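Data first, discussion second: the structure below is written as structure tokens.
The values are calculated or read from the model by the stated rules, or taken from the named source; none is laboratory data. Computed from a prediction, not measured in an experiment: that's the story for all the values here. Ideal geometry is used to build each Cβ from the backbone, glycine not excepted, and the neighbour counts take in all protein chains shown.
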Amino acid sequence: MNKSTSFQSAGGIVFLGKLPRCFPPFLTVWGGRAETQSDFFCRVSSVRREMGNPMDGMRTGVQLLPFLAFWEAWNNFTLQIWLNPLLNIAMFLPLGVLLPLAVKRFRRWFWMLPAGVGTSLVIELLQYVLGRGQADVDDLICNVSGAMLGYCFCMLFVSLVRKQWKTAGAYAILPLLSIAALAGVFLTYHFQPYGNLADGPIYNAKAKEIEWVQECSLSNEPGPSGVYRTEPFTRKDCDAFASEFVGRQGAEIRFGTPDVDYYDSRAFYSDHRTYALWVYYNDHSYEYTDYRVDSELRYSGKGGAITEDDLRAALDKLGVEIPDAASFVTADESAGRYAFRAECVVEDDVLTNGELVCWVAEGGILYEVDNHLSVSTLHGNAAVISSQEAYERLCAGQFSWRDVPMFNYLSPRQVRVTDCKLEYMTDSKGFHQPVYLFTLSDENDAALRGGTGWTTFVPALAG
């Protein structure tokens, strides 16, 4: 149940990077009403046919926003995502080293630079023409940087061999600046008090020509300033939790085999016959599927009925604890989807937030549990902006970057802000920091969202 993806394309619109786990991707963009991917894509495709060209800078197979890959890596701050730009740099290092050694003409930077640009540009154009991958301006930037770094390393070595000390010093400037910049990024992240929000603002939406209508009450006073935290799992903690959880089901984990995979933010355990379990390090959330339940029941599309008491009993057998602050809801009885929810409930400096979703097959058989219901304690207080200031940032287009491409593409004439509330999101360091979640409505609601609005967020921490 890997719920991440890269470069999602919907009706000719490319959604870059990893889709957020804290909110379901289609509920985040469109808000309110869940629908299948095929339904969603059909809606967007029909609008695209009616409205013509897609948004600037985000056409199918092309990404023209410079340094977006670096900002996405900064927001998520995981090795997996940082490797995207860093490997694109490393891939062109050999070109910068070997070309000057093979052809003396390329020992001059004004020959080497066009060679790096031309080689990368050909690759990106081929990707676009052949539909193999995405033509990305960040790939071009990283490739050329890698070629020039390789060139500097090569010429630095040549200059040292020839004892041309001043020349060697000049060629050392770019590598040293690159190392200093990379070290500065990682040191800045290490010493900042809180982590980054994966979907936090990166670039502004085109919001100047839009009429914003405020239909909810806002305050000029700063909101609650609490920041909460659950001590993240280490890999050892994660293994211990998974072993205990799976052991209650009469199964065991065979460590050191393909049954176990570790990722930057989570670990996966499955014997491919009995169970599958994802465990997330930062907030202890997990997703469990019981493969012992017949696949025909799990994939029939027909859900089973179950009472709250029976569901609590089934969860108790799995060892799943339900916080007192969570309330039971029937999310979709026909699909067999039930949940326990808590919306930012704070009691005695303890924050309970999120949703525990259960999937029940015909006959009242529980076969899947997605537990993203987190319980965290107060870590400290931080300066928080007011809801009025958050609204002003929203009107300036400074909201979640994942909502910006579709917003720019649809270009609504008027946006009504119908609700604003303080919620919490888990950042890259495992802190639950406050954000202002806005519910919005525009003229595209009827055509695309079944008459409901959509949501986006503005970070609440000041600075």
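So here's what we get for this one:
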{"item": "Sole exception among (1) at pLDDT below 95; (2) assigned to a strand (DSSP E or B); (3) farther than 18 Å from LEU422 by Cα for PHE328, by number", "result": "(1)"}
{"item": "Close pairs (8 angstrom Cβ cut-off, 6 or more residues apart or separate chains): at positive phi and assigned to a loop (DSSP other than H, G, I, E, B) in the stretch 442-458, at pLDDT 90 or above and surrounded by 13 or more Cβ atoms within 10 Å (Cβ to Cβ) anywhere", "result": "GLY451/ASP445"}
{"item": "Criterion (touching a Pro at 6+ places or on another chain (Cβ under 7 Å) and either modelled with pLDDT of 95 or more or part of a strand (DSSP E or B) (or both)) met by exactly one of VAL369, VAL375, VAL415", "result": "VAL375"}
{"item": "Residue identified as surrounded by 13 or more Cβ atoms within 10 Å (Cβ to Cβ) and not in a strand (DSSP E or B) among GLY256, GLY200, GLY250", "result": "GLY200"}
{"item": "Restricting the stretch 294-347 to residues that are polar (S, T, N, Q) and without any contact (Cβ under 8 Å) to a residue 40 or more places away in the chain, the residue that is farthest from SER243 (Cα to Cα)", "result": "SER334"}
{"item": "Some residue of the stretch 147-156 being surrounded by fewer than 19 Cβ atoms within 10 Å (Cβ to Cβ), assigned to a helix (DSSP H, G or I) and either out of contact with any strand residue (DSSP E or B) (no Cβ under 7 Å at 6 or more places or on another chain) or modelled with pLDDT under 95 (or both)", "result": "yes"}
{"item": "Subset of the stretch 357-374 [touching a residue at least 40 places away in the same chain (Cβ under 8 Å) and under 29 Å from PHE431 (Cα atoms)]", "result": "CYS358, TRP359, GLU368, VAL369, ASP370, ASN371, HIS372, LEU373, SER374"}
{"item": "The stretch 67-116: number of residues that are among the aromatic types (Phe, Trp, Tyr), within 16 Å of SER428 (Cα to Cα) and touching a residue at least 12 places away in the same chain (Cβ under 8 Å)", "result": "4"}
{"item": "Candidates GLY336, GLY380, GLY397 - the one that is out of contact with any strand residue (DSSP E or B) (no Cβ under 8 Å at 6 or more places or on another chain) and not acidic (Asp, Glu)", "result": "GLY397"}
{"item": "Test: ALA180 is more than 25 Å from the chain's Cα centre (by Cα), more than 30 Å from VAL346 (Cα to Cα) and surrounded by fewer than 16 Cβ atoms within 10 Å (Cβ to Cβ)", "result": "yes"}
{"item": "Matching entry among LEU218, LEU277 (being buried (at least 20 other Cβ atoms within 10 Å of the Cβ), among the aliphatic types (A, V, I, L, M), touching a helix residue (DSSP H, G or I) at 6+ places or on another chain (Cβ under 7 Å) and not in a helix (DSSP H, G or I))", "result": "LEU277"}
{"item": "Residue count for the stretch 145-190, restricted to those that are more than 25 Å from LYS104 (Cβ to Cβ) and in contact (Cβ under 8 Å) with a residue 40 or more places away in the chain", "result": "2"}
{"item": "Residue satisfying condition, being among the charged types (D, E, K, R), assigned to a helix (DSSP H, G or I) and surrounded by 14 or more Cβ atoms within 10 Å (Cβ to Cβ), within set GLU355, GLU389", "result": "GLU389"}
